[in-house]
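Notes for the one structure printed next.
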Amino acid sequence: MRNIPQGSHRSGAPNKRWLLRQISLFTPLTDSHLDLLAQRCRIVEYEKDSFIYRQGDPADAFYGLASGRVRVFVQHSAEKQ
């Protein structure tokens with residue numbers, strides 16, 4: 001696991017631009033664009049065995065994993081289409 005550099009913010013929160021740069025979708029972006037995106041991001045911690053997203057919920061966020069593991073479960077309907 002990588003060490004996550006701390007930002008210059010007083011809270012000691014991880015550097016959002018660095019975290020975004022680790023996601024391949026965002027690697028082509030310039031630092032200026034990443035900074036704009038980072039302003040819209042927030043870092044959230046979840047307890048073990050918490051649900052981050054449930055199937056059927058509105059897709060209104062993008063989640064990137066900074067550390068840890070997640071498990072994905074897909075619920076299949078009784079009827080096949």
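The values are calculated or read from the model by the stated rules, or taken from the named source; none is laboratory data. All values derive from a computational prediction rather than experimental measurement. Keep in mind that these areas ignore ligands, DNA and RNA; they rest on the heavy atoms of the full protein, side chains included. Shrake-Rupley method; radii C 1.70, N 1.55, O 1.52, S 1.80 Å.
For this structure, a couple of remarks:
- Solvent-accessible surface of the range 21-78, averaged per residue with a 1.4 angstrom probe and all protein chains in place: 98 square angstrom.
- Estimated at 0.36 nm per residue, the fully extended path between L37 and R54 surpasses their Cα-Cα distance by 3.6 nm.
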